[in-house]
Amino acid sequence: MNILVQPPWYILPVIVLAQFAGTSLWFASNAVMPELSVAFGLGEGAVSDLTSAVQFGFIGGTLVFAVLNLADRFSPSILFLLSALLGATFNALVVWFPLGFTGLLVYRFLTGFFLAGIYPVGMKIASDWFAGQLGKALGLLVGALVLGTALPHLIRSLGAQLDWSLVILAVSGLATFGGLLLYLCIPDGPHRKKGTQFNPGALISVFKEKDFRAATMGYFGHMWELYAFWTFVPILLAHYMESNTTIAFDISFWSFLIIASGFLGCTIGGYVSIKRGSAKVAFFLLSISLVCCLLSVFIYTLPPLLFFIFLLIWGISVVGDSPQFSTLTARTAPKEWVGSALTISTCIGFSITIFSIQILKQTQLNGQVDWALLWLVPGPILGLWATFPLLKKERKS
C-alpha cells in the first residue's frame with residue numbers, strides 16, 4: 001500500500017537553489033568571452049564553438065548516465081554532488097591550467113558532460129519527492145536552469161572590473177556550493193525506485209506512438225531556437241550598439257535580464273498549465289516566439305525602450321514552453337520505456353542546438369548579423385505544427 005508523504009517545506013526550495021547553482025556552469029565562458037578572446041587569441045566565432053562543446057558534452061554525458069543507469073543504481077544526491085564538483089573543477093581548469101583554444105574546448109566539453117549529472121538528475125530527485133505533483137515543480141526547476149544559465153552574465157556585470165578568471169572561479173564556487181547544499185539537505189526521496197534502463201530498441205519503437213512523436217517534434221522545434229538565441233544575445237546587443245553609436249549600455253547586465261526573464265515564462269506558464277493544459281501553454285508561448293523570430297530583422301532600428309521590451313518578451317517566451325514540452329513528452333511516452341524515451345528525446349534535442357548555433361555563427365562571420373535570427377524561424381514553425389494535434393486533443397478532454 002502506497003502512503004502519500006508530504007515533503008518537508010524546504011525540499012523544493014533546496015532542489016531549485018542547487019539546480020540554479022549547478023547550471024550556472026553552462027554559460028560561464030560566454031559571460032567573459034571578450035576577455036577570453038584576448039587571453040587566448042580566439043576568433044570571432046569562438047563563443048559558438050565553446051557553447052557547442054558544452055552541448056556535445058551534455059549529449060555524451062546524458063547517454064553515458066542513461067546507459068549505466070547511474071541515477072537508479074546510486075543515490076541521486078551523491079551523483080548530483082559528484083557531478084557538481086567535477087563540473088566545477090573542469091570549469092576552473094580554464095584558469096588553473098590553461099591549454100589554449102583546444103584546452104578550452106576540452107574543458108567546456110567535460111563541463112557539459114557533468115552537467116548531465118546536474119540538470120536531469122535534479123529532475124530525478126524532484127520526481128522522487130513529488131510523485132504526482134511533478135508538474136507543479138517542473139516550472140520552478142526549469143526556471144532555476146534559466147537563472148543559472150543567465151547568472152554568469154550578472155556576475156560579469158556586477159564585477160565589471162573583475163578579472164575574467166575571478167568570474168570563472170566564482171561560478172565554480174557557486175556550483176560546488178549547490179552540490180554540497182543538496183547532498184547535505186536532501187536524502188533519497190520516498191518515491192525512489194528502480195526505473196526502466198536505457199533500451200536502444202526504443203529508439204524506433206517509441207516514435208511509433210503518435211502523441212509521443214508530436215510532443216517530441218514540438219520539443220525539437222523549441223530546442224532549435226532556444227540555445228542559439230541564448231548564445232546570440234550578447235552578440236545582438238553588441239551589434240545594436242554598433243548600429244546606434246549614440247546609445248550605450250551594459251551588455252552583460254542586459255544579457256542577464258533577457259535570458260533570466262525566461263524564469264517568469266517557466267513559472268507562470270507552469271501555474272497556468274494546471275488549469276489550461278500544457279499543450280495550450282506551449283502552443284501560445286511558441287507562437288509568441290515565432291513572431292519574435294520573424295520581426296527580429298527590424299529590431300536594430302528600434303529605440304532602446306522598445307528594443308529591450310521586445311527582447312524581454314522573447315526571453316520569456318523562448319523558454320517558457322520548455323517545462324510544458326517536458327511534461328507532454330513524459331506524459332505521452334510508453335510507460336515501459338519512459339527512461340529510454342526521455343533520454344532519446346533529450347539527446348536529439350541538444351544535438352539539434354549545435355546545428356542552429358553553428359548556422360548563426362556562420363551568418364555572423366559573413367557579416368549578416370541583421371537577419372541572422374531569421375534562421376531560427378523553422379524551429380517554432382515545426383514546433384507549432386507538431387503540437388497542434390495535442391492542442392486539439394487537450395481541448396476535447
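Here are some notes:
- Filter pass, Ala92 being under 18 Å from the mean Cα position of the chain (by Cα) and of a type in the set (A, V, I, L, M): no
Results for (1) aromatic (Phe, Trp, Tyr); (2) assigned by TED's automatic domain parsing to the domain that holds Ser322; (3) assigned to a loop (DSSP other than H, G, I, E, B); (4) farther than 30 Å from Gly41 by Cα, shown as yes or no for each residue.
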| site | (1), (2), (3), (4) |
| --- | --- |
| Ala71 | no, no, no, yes |
| Phe80 | yes, no, no, yes |
| Ala88 | no, no, no, no |
| Leu93 | no, no, no, no |
| Leu104 | no, no, no, no |
| Ala126 | no, no, no, yes |
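- Output for the range 136-180, where each listed residue is surrounded by fewer than 20 Cβ atoms within 10 Å (Cβ to Cβ) and within 28 Å of Val272 (Cβ to Cβ): Lys136, Leu154
- Ile258, sole failed condition from (1) crowded, with 24+ Cβ neighbours inside 10 Å; (2) over 21 Å from Leu373 (Cβ atoms); (3) among the hydrophobic types (A, V, I, L, M, F, W, C): (2)
Quick grid of which residues meet (1) closer than 23 Å to Ala137 by Cβ; (2) under 19 Å from the mean Cα position of the chain (by Cα); (3) in a loop (DSSP other than H, G, I, E, B); (4) touching a residue at least 24 places away in the same chain (Cβ under 8 Å):
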| site | (1), (2), (3), (4) |
| --- | --- |
| Phe207 | no, no, no, no |
| Ile235 | no, yes, no, yes |
| Tyr240 | no, no, no, yes |
| Thr246 | no, no, yes, no |
| Ser255 | no, yes, no, yes |
| Gly265 | yes, yes, no, yes |
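- Within the set Leu81, Leu104, the sole residue that is buried (at least 21 other Cβ atoms within 10 Å of the Cβ) and modelled with pLDDT of 95 or more turns out to be Leu81.
- Unmet requirement for Ser351, which otherwise passes all of (1) in a helix (DSSP H, G or I); (2) more than 23 Å from Gly117 (Cα to Cα): (2)
- From Val121, Val67, residue being under 15 Å from Phe20 (Cα atoms) and of a type outside the set (D, E, K, R): Val121
- Here is the figure for the range 302-337: residues that are in contact (Cβ under 8 Å) with a residue 40 or more places away in the chain, assigned to a helix (DSSP H, G or I), surrounded by fewer than 17 Cβ atoms within 10 Å (Cβ to Cβ) and not acidic (Asp, Glu) total 2.
- The criterion of at least 1 residues that are at pLDDT 80 or above and touching a Phe, Trp or Tyr at 6+ places or on another chain (Cβ under 6 Å) is met, among helices (runs of 4 or more DSSP H) falling completely within the range 1-49, by 11-22, 33-40.
- Looking only at residues of the range 33-58 that are within 21 Å of the chain's Cα centre (by Cα) and among the polar types (S, T, N, Q), we find that the one that is surrounded by the fewest Cβ atoms within 10 Å (Cβ to Cβ) is Ser52.
- Selection count, the range 151-181, where residues are of a type in the set (Gly, Ala, Ser) and over 18 Å from Ala116 (Cα atoms): 6
The values are calculated or read from the model by the stated rules, or taken from the named source; none is laboratory data. Remember, it's a predicted structure, so these values are computed and weren't measured experimentally. Cβ: placed from backbone, ideal geometry, glycine included. Neighbour counts: every protein chain shown.
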